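**Q** Dropping the structure in here first, questions after.
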Amino acid sequence: MAHWIDKSCTKCGACLFECPTGSIVEGREIYVIDADTCKDHRSCVMVCPVDAIHLRDRAPAPGQGGANQQPQKPRPGR
Ligand code: SF4
């Protein structure tokens with residue numbers, strides 16, 4: 001079913017290395033989860049300090065952000 005990240009994401013990066021499938025990437029404004037590769041391990045949910053990660057049992061509300069955000073290319077040294 002996959003998870004998604006709402007606009008309360010502060011881009012702290014805590015979830016990035018928790019994902020065993022590498023499905024979380026840095027977007028323009030928030031981090032985003034690739035719904036095609038997310039396997040619902042929930043390890044990202046456990047580390048998010050602002051509870052921004054949710055199970056995608058419904059589409060994000062308009063303006064909530066989520067998987068439709070375009071990810072940025074990784075920056076060197078990150
Ligand atoms: S842990 Fe939460 S606040 Fe931090 S980057 Fe991930 S989704 Fe955003």
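The values are calculated or read from the model by the stated rules, or taken from the named source; none is laboratory data. Everything quoted here is computed from the prediction, not taken from an experiment. Here the Cβ positions follow ideal geometry from the backbone for every residue, glycine too, while neighbour counts run over all protein chains shown.
**Q** Being over 9 Å from the mean Cα position of the chain (by Cα) and surrounded by 14 or more Cβ atoms within 10 Å (Cβ to Cβ) is the filter; apply it to segment 1-10 and report the residue that is nearest to the ligand (Cβ to nearest atom).
**A** Here the residue is 7.
**Q** Scan segment 61-78 residue by residue and report those that are surrounded by 12 or more Cβ atoms within 10 Å (Cβ to Cβ) and at pLDDT 60 or above.
**A** 64
**Q** Return the pairs, sorted by first residue and then second, in which the second residue is within 10 Å of the ligand (Cβ to nearest atom) and hydroxyl-bearing (Ser, Thr, Tyr), the first residue lies in segment 1-23 and is within 19 Å of residue 56 (Cβ to Cβ) and in contact (Cβ under 8 Å) with a residue 24 or more places away in the chain, the beta carbons are less than 6 Å apart, and the residues are 6+ apart or on different chains.
**A** Within 6 Å, the pairs are 5/31; 9/31.
**Q** How many residues, within segment 29-59, are at pLDDT below 60 and surrounded by 15 or more Cβ atoms within 10 Å (Cβ to Cβ)?
**A** Summing the residues that are at pLDDT below 60 and surrounded by 15 or more Cβ atoms within 10 Å (Cβ to Cβ) in segment 29-59 gives 0.
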